[in-house]
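**Q** Structure below; questions to follow.
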Amino acid sequence: MHDASWRDLPPPTPFYRWMVLLFVSLAMFGNYYIYDSLWPIVDLLREQRGFSYQQIGWLSTAYNVAALLVLLAGGYLIDRWGTKRAITLFALICLFAALVTAWSPNFEMMLAGRFLLGLGAEPLIVAATTVLAKWFKGKELSFAFGINLSIARLGSTAADWSTGFASPLYANWQDPLWLATAVAGVSVSAAILYWILERRAEGRYSLGVAENNDKLEFKGLYSFSASYWYVVALCVVFYATVFPFRSFAIDYFQQAHGLDREAAGILSSILPVAAIIATPLFGLWVDRIGKRALFMAAGSLVLLPLFLIVTYAPAGPLVGISIPFIGSAVVPLTLLLVITVLGIVFSLIPAVMWPSVAYIVDGRRLGSAYALMTFCQQIGWAIVPLTIGFLNDKFMAGPDNIDGYTPGMWLYTGMASLGLYFSYKLWRTEQGPHGHGLDTITSTSGADTEASKVA
């Protein structure tokens with residue numbers, strides 16, 4: 001009876017749906033900003049708090065360790081409490097995590113803050129995905145996911161841009177983190193506004209029920225095909241290369257290339273901006289021509305020399321970058337080109353690899369497949385920052401010893417070479433009799449939907 005009355009309700013109006021999308025996306029914007037707010041102050045933590053590079057690596061890894069624990073729990077809390085309560089709870093955890101990180105100069109407390117952030121931010125992303133699946137199923141779902149991811153990634157970009165629009169705060173390590181705490185407050189406010197909207201919609205509109213596809217089942221671990229594991233390996237390589245590089249990038253640009261903080265932040269922001277622009281374009285392109293394995297092979301080949309170019313190539317002429325309302329900077333052309341290309345290559349993951357899983361895995365097991373892939377990505381992402389921090393410390397990297405950063409750059413290059421190997425194996429497998437149709441031209445809405453779950 002309850003089900004029949006629910007189905008008799010009208011669908012939500014477009015305005016109502018897009019307001020939900022806006023508030024949920026702003027909640028995600030906040031947790032992306034909080035995560036990336038730490039990277040513009042790496043040099044200040046080293047100078048003012050005496051942190052080592054390896055401690056900086058631990059501040060990154062603590063987030064991933066928490067994310068792994070949350071992933072094992074799956075969507076249980078979201079299913080039990082409902083999306084409106086879950087998103088607000090997880091946004092509050094992110095706010096508390098930002099507060100703890102900013103409040104104490106003690107390394108252990110900052111580590112606890114980053115761990116709390118992983119506990120809140122990752123399930124917040126899952127809850128947001130569930131919301132969109134419920135509100136947009138059958139109505140611009142893929143486009144809604146794309147808008148959601150773009151707004152969320154603007155949080156990362158804004159954290160980099162804060163070195164310009166909030167430059168007075170960077171006289172010390174703490175004030176930029178207080179700014180991140182304020183942004184977390186905006187995230188909580190957006191989550192509460194979403195709660196109000198959904199509460200008002202209940203009983204008025206037919207919202208549907210989002211399917212629970214995020215359960216991680218280890219019992220089926222060995223039943224996935226070789227192509228699936230090559231896709232997983234590629235995602236691990238790209239995640240474990242690009243995100244750790246971003247963690248140290250602003251400090252690296254300052255110490256090794258002599259950029260000031262504002263210029264380093266603006267340069268670093270080019271990577272997510274390029275990804276935001278390139279992701280939908282690659283998605284449209286690959287839908288038209290297929291050749292997904294070939295796309296990843298080409299991307300891996302392009303990725304391979306980028307970090308060595310940054311390390312060994314001449315800086316080239318200086319060029320100006322101007323971002324309205326943010327600031328302007330003068331940076332070496334070589335760095336600008338490399339960071340732009342890196343962002344474009346990284347966009348292949350959400351545009352090509354995530355949807356590819358839907359071609360490889362049975363539809364009834366997509367949730368488990370994506371959860372397992374995310375689990376593996378978090379492991380790789382957790383290990384590399386610690387290794388980079390160890391190498392920077394061991395080789396005494398700094399402005400007086402720029403060569404000390406070179407071993408870390410070779411580690412990134414080694415990861416990229418693994419990507420080239422796995423993309424080749426994927427391509428060869430897909431050319432054989434056990435291929436799964438990754439060359440297919442037509443796309444499926446299921447691929448688009450599930451791909452967004454690991455954004």
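**Q** Got a sec to turn the phi values of segment 369-378 into Karplus ³J(HN,Hα) couplings, 6.51 cos²θ - 1.76 cosθ + 1.60 with θ = phi - 60°, whole Hz, x for Gly and Pro?
**A** Taking θ as phi minus 60°, the curve returns 5, 5, 5, 5, 5, 4, 4, 5, 4, 5 Hz for segment 369-378.
**Q** Can you tell me which of 54-62, 189-197 comes out highest on packing, and rank the rest after it, using the mean Cβ neighbours within 10 Å?
**A** By packing density, highest mean first, the sequence is 54-62, 189-197.
**Q** Please arrange Arg80, Arg428, Arg246 by counting, for each residue, the other beta carbons lying within 10 Å of its beta carbon, fewest first.
**A** Ordered from fewest to most neighbouring Cβ atoms within 10 Å, Arg80, Arg428, Arg246 come out as Arg80, Arg428, Arg246.
**Q** Now, a different point. For Val319, what residues show an amide H to amide H distance below 5 Å, using hydrogens built from the backbone and excluding near sequence neighbours?
**A** When sequence neighbours closer than 5 places are left aside, the close amide H contacts are Val331, Leu333.
**Q** Same structure, new question: Which whole-angstrom value gives the distance between the alpha carbon centres of segment 220-282 and segment 84-106?
**A** So the two Cα centres are separated by 25 Å.
**Q** Ranking Cys376, Cys235 by Cβ neighbours within 10 Å, fewest first, what do you get?
**A** Ranking Cys376, Cys235 by Cβ neighbours within 10 Å, fewest first, gives Cys376, Cys235.
**Q** Something else about it: Near the amide H of Lys291, under 5 Å away, which other amide H atoms are found, from residues 5 or more places off or on another chain, if H is placed in the peptide plane?
**A** It is Asp439, Thr440, by chain and number.
**Q** Also: What ranking do Leu132, Leu154, Leu234 get, fewest neighbouring Cβ atoms within 10 angstrom at the top?
**A** Details: Leu132 24, Leu154 21, Leu234 29.
Fewest-to-most Cβ neighbours within 10 Å comes out as Leu154, Leu132, Leu234.
**Q** May I pose another question? In sequence order, what are the phi-derived ³J(HN,Hα) couplings for segment 255-260 according to the Karplus relation 6.51 cos²θ - 1.76 cosθ + 1.60 with θ = phi - 60°, rounded to whole Hz, with x for glycine and proline?
**A** Taking θ as phi minus 60°, the curve returns 7, 8, 10, x, 7, 7 Hz for segment 255-260.
**Q** In a shell of Cβ-Cβ distance under 11 Å around Ala201, excluding Ala201 itself, what net charge do Lys and Arg (+1) and Asp and Glu (-1) give?
**A** For residues surrounding Ala201, the net value is +4.
Computed from the coordinates by the stated procedures, all read-outs in this text should not be read as laboratory data. These numbers were taken from a predicted model, which means no experiment stands behind them. Neighbour counts run over all protein chains shown; Cβ positions are idealised from the backbone, glycine included.
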